[in-house]
Amino acid sequence: MTEKEFEKSLYNKIPLTKVMNFNVLEFTPYKVRISAKLEPNKNHMGIAFAGSINTLMTVCAWSISYINIKEIDANARLVLQKSSINYLVPIKNDFIAECVLLNDEDRNNFLKTYNEHGKAKLNLKVYCYDGENLAAKFEGKYVALKNI
């Protein structure tokens, strides 16, 4: 699936992403990058709304979970079990979230556990940038469940 194909799929699965003007820049099993325009996501102070930043980062990690689990089960359900976010600096421009799966062992364990038990967890980190500046850090635990 290309970035544009996934972007259209994302807009259908999570309609809020279209309203928030998310654009999928990179979509691979090891790296997902999604951008958001400031204009539809700014708050009363003219900076990025914290909820928009959180949504972008949540969706970014969900997307890397999605591309990996769909390789072995097109019907798997994905849910966010737990997350935390740390806002470091105000975002004054369009912004980008990036999630990188650095460890093959984590990916392989996630897929193996899912195949054996019908559910698996994947811990992910996402970084959000305003240009070159790191603006927020996110950690989330995603759970893949067999759709019964």
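So which of Ile85, Ile72 is more than 21 Å from Ile14 (Cβ to Cβ), more than 12 Å from the chain's Cα centre (by Cα) and of a type in the set (Val, Ile, Thr)?
Ile72
Can you tell me which of Leu56, Leu80 is out of contact with any Leu (no Cβ under 7 Å at 6 or more places or on another chain), more than 13 Å from Cys128 (Cα to Cα) and surrounded by 12 or more Cβ atoms within 10 Å (Cβ to Cβ)?
Every option except Leu80 fails the conditions.
List the number of the failed condition for Ile91; all other conditions in (1) buried (at least 17 other Cβ atoms within 10 Å of the Cβ); (2) within 17 Å of the chain's Cα centre (by Cα) hold.
(2)
Considering only residues that are closer than 30 Å to Asn21 by Cβ and not hydroxyl-bearing (Ser, Thr, Tyr), look in segment 108-127 and name the one that is nearest to the chain's Cα centre (by Cα).
Ranking the qualifying residues of segment 108-127, first place goes to Val126.
Which one of the conditions (1) under 14 Å from Gly140 (Cβ atoms); (2) over 17 Å from the mean Cα position of the chain (by Cα); (3) aliphatic (A, V, I, L, M) does Met57 fail to meet, given that it meets all the rest?
The failed condition is (2).
Report every pair of residues separated by at least 6 positions or lying on different chains whose Cβ atoms are under 6 Å apart, first residue within segment 75-96 and more than 30 Å from Ile148 (Cα to Cα) and at pLDDT 95 or above, second of a type in the set (Asp, Glu) and part of a strand (DSSP E or B).
Close Cβ pairs (under 6 Å, with a partner that is of a type in the set (Asp, Glu) and part of a strand (DSSP E or B)) amount to Ile91/Asp130; Asn93/Asp130; Phe95/Asp130.
Taking into account only those residues within segment 108-148 that are outside any strand (DSSP E or B) and of a type in the set (A, V, I, L, M, F, W, C), which is surrounded by the fewest Cβ atoms within 10 Å (Cβ to Cβ)?
Restricting to residues being outside any strand (DSSP E or B) and of a type in the set (A, V, I, L, M, F, W, C), the top hit is Ile148.
The values are calculated or read from the model by the stated rules, or taken from the named source; none is laboratory data. Please read these numbers as outputs of a predicted model, since none were measured by experiment. Neighbour counts are summed over all protein chains in view; Cβ atoms, including those assigned to glycine, are modelled from backbone coordinates with ideal geometry.
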